[in-house]
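Down below is the structure, laid out as C-alpha cells.
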Amino acid sequence: MAVYFISDLHLEPGRPAMAQGFVHYLQNLQDADALYILGDFFEVWMGDDFDHPFVSSIKDALRALSNKGTRLFLMHGNRDFLLGQTFCEQTGATLLDDPAVITLGDDAVLLMHGDSLCTLDVEYMKIRQMFRNPAWQQDFLSKPLEERIAFARQVRSESKSGQQMKSSDIMDVTPEEVDREMDQAGVTTLIHGHTHRPDDHRWMHNGSERRRLVLGDWSDDCGWMIRWSEESGLQLSQFTF
C-alpha cells in the first residue's frame, strides 16, 4: 500500500477540466492507504454552507474514495482555511492541524501548507494572522453567503495586484523558518505546497541531512503528487490526466 500527497489544486467551477482530472485521479488510486491534501484544495471556500453542483461532484468523489477504505486527510491552505467539520463529515475526511507530524515507516515527517514559512512577506503574514483567528472566522461565517462571496472576490483581486509588486524571494519560503519548524518538530523531512515551485531540496543542518519536498500546483491537464511506499520511499512526480 502507498500514501499520496497533493496540494494547490485551486478547484473552482470555472475550470471543469481540472475537476474532471482530479476525479479521474481519485478513481485510479488503487493502492492508496491514505491521501493527504495539503491546502488550497479549492480556489476559494466561503463556508461549508456553500452549495453548488460543482462542489457536490467533488464531495461525491472524495466520499467514494474514503468509502473504499482510503484514509483521507485535509489541511487548510490560504485559500480554503474555512473548510470545516461539516465538509469533512460529508466526505469522510479528517482535518489536520498545520503543521502536523505523521509517521511513514520508521520516519517522522512534517506536513505543512507552506504559507507560514514565507515570513519575508510581512504584509501577508499580518493578513494570515487575522484570517486564522477563530473569532474573526466565527464573525465572518455569521454573515450572509452573498456578502462572504463578495468579500472573497475583493480579496482575490487585491491579492493578484499585490503579487505583481512582490519579488520572487519574498513569495518563497524563508530557509531559516524552514529549519526552525523542522527543529521544533524534531524531523529531517518536510512536505509542503503553497509556493507552486515543485522541487526536492536536500541540505545539511547541524551535521544531519534534511529534505524538503515541495508539491506543485495543478493545471487543466496535469498535476503534481508525492507517493510514499516502503519499497520506494518518497517520490515527487508530475503526471497528466
Residues of segment 62-78 classified as within 10 Å of Gly92 (Cβ to Cβ) and of a type in the set (A, V, I, L, M), total: 4
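Taking the criterion of being of a type outside the set (D, E, K, R), under 29 Å from Arg153 (Cα atoms), open to solvent by 50 Å² or more (accessible area, probe 1.4 Å) and touching a Leu at 6+ places or on another chain (Cβ under 8 Å), would at least one residue in segment 48-66 satisfy it? Walk me through it before giving the result.
Applying the first criterion (of a type outside the set (D, E, K, R)) to segment 48-66 yields 50, 52-58, 61-62, 64-66.
Going one step further and asking which of them are under 29 Å from Arg153 (Cα atoms), we end up with 50, 52-58, 61-62.
Imposing the further condition that a residue be open to solvent by 50 Å² or more (accessible area, probe 1.4 Å) reduces the set to 50, 52-53, 57.
Pick out the ones that are also touching a Leu at 6+ places or on another chain (Cβ under 8 Å) and you get 50.
Yes, because at least one residue in segment 48-66 is of a type outside the set (D, E, K, R), under 29 Å from Arg153 (Cα atoms), open to solvent by 50 Å² or more (accessible area, probe 1.4 Å) and touching a Leu at 6+ places or on another chain (Cβ under 8 Å).
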Residue count, segment 192-241 (criterion: of a type in the set (Asp, Glu), modelled with pLDDT under 95 and either surrounded by 16 or more Cβ atoms within 10 Å (Cβ to Cβ) or assigned to a strand (DSSP E or B) (or both)): 0
Contacts under 8 angstrom Cβ, first residue in segment 187-204 being of a type in the set (S, T, N, Q), partner in a loop (DSSP other than H, G, I, E, B) and crowded, with 19+ Cβ neighbours inside 10 Å, 6 or more apart: Thr195/Gly114; Thr195/Cys118; Thr195/Val173
Which numbered condition Cys118 fails, given (1) touching a Ser or Thr at 6+ places or on another chain (Cβ under 9 Å); (2) open to solvent by 20 Å² or more (accessible area, probe 1.4 Å): (2)
Any hit, segment 168-190, residues being in a loop (DSSP other than H, G, I, E, B), modelled with pLDDT of 85 or more and surrounded by fewer than 13 Cβ atoms within 10 Å (Cβ to Cβ): yes
Subset of segment 107-124 that is at pLDDT 95 or above and of a type in the set (D, E, K, R) - its residue that is nearest to Glu177 (Cα to Cα): Asp115
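Checking the condition more than 29 Å from Gln30 (Cβ to Cβ), under 18 Å from the mean Cα position of the chain (by Cα) and part of a helix (DSSP H, G or I), which residue from Arg153, Arg148, Arg128 passes?
Working: Arg153 fails: under 18 Å from the mean Cα position of the chain (by Cα); Arg148 fails: under 18 Å from the mean Cα position of the chain (by Cα).
Being more than 29 Å from Gln30 (Cβ to Cβ), under 18 Å from the mean Cα position of the chain (by Cα) and part of a helix (DSSP H, G or I) holds for just one of Arg153, Arg148, Arg128, which is Arg128.
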Residue in segment 14-31 that is buried (at least 19 other Cβ atoms within 10 Å of the Cβ) and either without any contact (Cβ under 8 Å) to a residue 24 or more places away in the chain or among the polar types (S, T, N, Q) (or both) present: no
First in segment 206-225 and more than 24 Å from Glu43 (Cα to Cα), second anywhere and part of a loop (DSSP other than H, G, I, E, B) and not charged (D, E, K, R), Cβ under 9 Å, 6 or more apart: Ser208/Thr188; Glu209/Thr188; Arg210/Val187; Arg210/Thr188; Arg211/Thr188; Arg212/Val173
Residue match in segment 78-92 (condition: open to solvent by 20 Å² or more (accessible area, probe 1.4 Å), closer than 15 Å to Leu11 by Cβ, in contact with a strand residue (DSSP E or B) (Cβ under 7 Å, 6 or more places away or on another chain) and modelled with pLDDT under 95): yes
Where Glu123 falls short, out of the listed (1) farther than 26 Å from Ile6 by Cβ; (2) open to solvent by less than 30 Å² (accessible area, probe 1.4 Å); (3) not basic (Lys, Arg): (2)
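The values are calculated or read from the model by the stated rules, or taken from the named source; none is laboratory data. Here the structure is a predicted model, which means the values were calculated and not measured. Ideal geometry is used to build each Cβ from the backbone, glycine not excepted, and the neighbour counts take in all protein chains shown. Please note that ligands, DNA and RNA were not included when accessible areas were found on the heavy atoms of the full protein model with its side chains. Shrake-Rupley method; radii C 1.70, N 1.55, O 1.52, S 1.80 Å.
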